[in-house]
1. Three principal axis extents, largest first, for the C-alpha atoms of segment 138-226, in Å?
2. What is the helix-to-structure angle for 126-159, meaning the angle in degrees between its Cα long axis and the longest Cα principal axis of the chain, kept from 0 to 90 and rounded to the nearest 10?
3. Using alpha carbons only, what's the Rg to Rh ratio of segment 59-101 with Rh from Kirkwood?
4. Find the relative contact order for the chain and round it to a whole percent, using C-alpha pairs within less than 8 Å whose residues are 6+ positions apart.
5. Nearest 10 degrees, 0 to 90: what angle lies between the long axis of helix 2-44 and the longest principal axis of the chain (Cα atoms)?
6. Would you mind classifying segment 1-59 by shape? Square roots of the alpha carbon gyration tensor eigenvalues, ordered a ≥ b ≥ c; an a/c under 1.5 is rounded, otherwise it is prolate if a/b is larger than b/c and oblate if not.
7. What share of all Cα pairs of the chain, in percent, falls into each consecutive 5 Å distance bin?
8. Short version: what are the Cα gyration tensor semi-axes of segment 1-100, square root of 5 times each eigenvalue, largest first, in whole Å?
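Only the coordinates and a few stated rules stand behind these numbers; no lab work does. Predicted model only: the values in this text are computed from it and were never measured. Counting neighbours? That spans all protein chains shown, and the Cβs are built from the backbone with ideal geometry, glycine included.
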Amino acid sequence: MNVLVCLAAILFISMTLIGGKKGARSFLALFFNFGVLLFTIFIMTNPYVNPIILTLIACIVFCYINLFYINEVNTKTITAFISSIITIVILFIFIVVVTEKTMIQGFGEEEIEELGVFSLYIGLDFVKIGASVIIMSTIGAIIDTAMAISSPMREMFHHNPSISKKELFTFGLSIGKDILGTNANTLFFAFFGGYLALLIWFKDLSYSVGEIVNSKIFSAEMIIIFCAGTGVALVIPITALITAYFLVKTREKKEKAI
């Protein structure tokens, strides 16, 4: 416990020194996100609650905390918020279909031994639960990418107010191309870093490459990575389009008012 408190203090001091007030808010946002996540998981155990609707509501709250609470309400956070929600809704439809087709819901045979003493008749739709897990795993990357696109576009518009909508959209896409590869690799290493112990276990069990690839746990992780990468790729043009439209529309309204 003392180690956790010390690490939390080091993180808070580092974020505050580097980020100032915004860094302190970012630190508090970690606990707010954790609280929302725990509350969502608690409500999701109710068989009468739709996990997909609950996850969408939780994603809206996550977006609000990570955008409006940390960076306040302004042009870049509004456009990033709208873009993130649109991307999540589109991705959710895609993920539900993928989850049903690949049948990755439920537990793998490697987990059955630990769950053998428990009843599996809990009345939950594991297809929807599986889709919710994938969305929860990708929401952070989607918000981060949306903010990384909208913020420099706003700065470009501020320094060049006469820029056209098409030029501003092209500028946003060029930024997205630069961060797309790094974000996809970040997701890859984050997921596989967390499951490194599982890969070592596969090796100790003398699993062949075919057995590893066809195991439900491995397939589920790969699908999460692919879906997360798809979400990151999808949010780039959506954010660029919405931000360009919003900024140019605001300029046109000011010109008409004058």
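1. The principal-axis extents, from largest down, are 63, 18, 17 Å.
2. 20
3. 1.14
4. 24
5. Taking the Cα atoms of the chain, the angle to 2-44 is about 60 degrees.
6. Oblate, since a/c reaches 1.5 and b/c is not below a/b.
7. 1, 6, 11, 13, 16, 15, 13, 10, 7, 4, 2, 1, 1, 0, 0
8. One finds semi-axes of 29, 20, 11 Å for segment 1-100.
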